[in-house]
Amino acid sequence: MFPNIIAISPYLGKYRLKALAIASVSPSHLANNLPTFAEAGVISIKEGTWYVILSPIGTLSAVVVKLNHEISTIIQLKDVKENHGKIGVIISSMSTPEQFSDLIKADITKWDKVLKQYSNLKFD
């Protein structure tokens, strides 16, 4: 199970919950003693949680471009990055909406393969 580190960090070491590793590229300051899967010698798992703003299909391109620019500007502000960092959120922005679309498509392909390999579930 790969729960979000932000959600489980208050419970680590309590309530008989023990994390074995973190599924990201680098360790989290929320759990300094928790290695990444690669550091633990298991496999290199690079997963994370998205916090994203999406728009409905058919939204005018000019509106999407403007929103992307404004939101990207805001999330790069020093205080925004620092405040999010305190709670374990690492801010990373895609420079274009198309890049995020590509990420979504790649994740669908990846998890579709996992579902087909390890279960009888269908992912449409």
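The values are calculated or read from the model by the stated rules, or taken from the named source; none is laboratory data. Everything numeric here is computed off the predicted structure, so don't read it as measured data. Cβ atoms come from the backbone with ideal geometry, glycine included; neighbour counts cover every protein chain shown.
One table, with the values for the structure above:
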| quantity | calculated |
| --- | --- |
| Checklist (1) touching a helix residue (DSSP H, G or I) at 6+ places or on another chain (Cβ under 9 Å); (2) of a type outside the set (D, E, K, R); (3) surrounded by 13 or more Cβ atoms within 10 Å (Cβ to Cβ); (4) free of Cβ contacts under 8 Å to residues at least 24 places away in the same chain applied to LEU30, failing item | (4) |
| Entirely in segment 59-124, the helices (runs of 4 or more DSSP H) that have 1 or more residues that are in contact with a Leu (Cβ under 7 Å, 6 or more places away or on another chain) and aliphatic (A, V, I, L, M) | 97-118 |
| Residue check for PHE100: aromatic (Phe, Trp, Tyr) and closer than 18 Å to ASN4 by Cβ | no |
| Restricting segment 86-103 to residues that are over 21 Å from GLU70 (Cβ atoms) and of a type outside the set (Lys, Arg), the residue that is modelled with the highest pLDDT | ASP102 |
| Residue list for segment 59-95, restricted to those being polar (S, T, N, Q), more than 28 Å from SER26 (Cβ to Cβ) and surrounded by 11 or more Cβ atoms within 10 Å (Cβ to Cβ) | THR59 |
| Residues within segment 96-124 that are among the basic types (Lys, Arg) and surrounded by 12 or more Cβ atoms within 10 Å (Cβ to Cβ), tallied | 1 |
| Residue within segment 41-55 that is among the polar types (S, T, N, Q), within 18 Å of the chain's Cα centre (by Cα) and in a helix (DSSP H, G or I) present | no |
| In segment 27-40, the residues that are in a loop (DSSP other than H, G, I, E, B) and modelled with pLDDT of 75 or more | PRO27, SER28, ASN33, LEU34, PRO35, PHE37, ALA38, GLU39, ALA40 |
